[in-house]
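Everything on this sheet refers to the single structure shown next.
The values are calculated or read from the model by the stated rules, or taken from the named source; none is laboratory data. Values in this document were obtained by computation on a predicted structure and should not be read as measured data. Cβ atoms come from the backbone with ideal geometry, glycine included; neighbour counts cover every protein chain shown.
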Amino acid sequence: MSPSELLQHINRGNVRNADLLNEWVLHEKTLVETLRRMEGEGLIRRCPAPPRCKSAARELTSLSRELMDALHEPASWATRHARLLLSNLQVRRGVKLDERPSRPPSASAAGKRTPSQERWRNLGVALTMLRLRWSFPVIAGLRNGPLRPTDLALVVNEAIDRRVSGQRTLSDKVLWDTLHRLSADGVIIHEARGREFAGTTRCSLTDSGRELLTALVPMGRWAVQHEDEIIEALRSRHQGPGSEWTDHS
């Protein structure tokens with residue numbers, strides 16, 4: 001697609017996914033910046049521009065096509081658990097159906113989501129859950145069995161790749177926030193004491209959490225195969241020349 005076609009396509013999708021969004025429109029400036037970054041990271045490339053064409057179309061590279069293939073199993077997992085994940089995401093974003101902005105005039109042309117669109121939307125919701133800081137390290141930290149929260153924090157911090165996260169570590173406060181959130185998403189379970197988590201009891205993966213780790217295996221293989229490229233892309237994204245990397249991805 002050309003940038004203009006891609007912009008139109010994404011914003012039509014935003015209309016279809018209005019129940020998860022606080023804003024309707026992807027702006028051209030943001031799209032151009034994103035395309036430039038993704039080109040630098042090797043995820044997309046420019047197609048040869050036809051004569052008199054102002055902007056060349058973009059296409060996926062072999063790197064990103066392999067990634068899309070690896071995401072099929074996580075998409076299936078997300079679809080099986082879509083109702084809970086969607087409900088929680090709406091709550092966290094503060095999006096209420098009766099308070100959504102009025103649809104733009106073109107909204108009716110967007111139509112309902114196809115099964116394929118629904119599947120990739122569900123995957124997007126699952127990836128939103130996983131990309132929140134420390135979610136995946138906490139899930140992965142429980143892969144070998146139940147742990148007390150203090151032990152879980154030690155496991156997570158010992159496994160940190162300093163090339164990616166710099167000097168950031170998992171704090172107690174963020175650990176509790178993450179446990180509460182992942183528990184609400186049905187991925188982990190922890191005995192509660194009143195309305196708080198009991199620090200002396202153990203956290204463990206639910207059946208859903210174990211299924212999620214299994215579904216992520218193809219993506220893990222992709223990441224191992226392209227580890228150097230991924231780390232370099234993360235460095236470029238979060239660390240300018242001579243600066244200290246302070247973000248945790």
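Tabulated results
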read-out	value
Test: residue in region 94-103 that is in a helix (DSSP H, G or I), modelled with pLDDT of 90 or more and not polar (S, T, N, Q)	no
Residue selected from region 172-227 under the condition modelled with pLDDT of 90 or more and of a type in the set (S, T, N, Q), by the criterion farthest from Thr150 (Cα to Cα)	Gln225
In region 1-23, the residues that are within 25 Å of Cys47 (Cβ to Cβ) and among the β-branched types (Val, Ile, Thr)	Ile10
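Residue-by-condition table, conditions (1) modelled with pLDDT of 90 or more; (2) closer than 21 Å to Gly124 by Cα:
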{"position": "Gly13", "(1), (2)": "no, yes"}
{"position": "Leu20", "(1), (2)": "no, yes"}
{"position": "His27", "(1), (2)": "yes, yes"}
{"position": "Thr34", "(1), (2)": "yes, yes"}
{"position": "Leu43", "(1), (2)": "yes, yes"}
{"position": "Arg46", "(1), (2)": "yes, no"}
{"position": "Cys53", "(1), (2)": "no, no"}
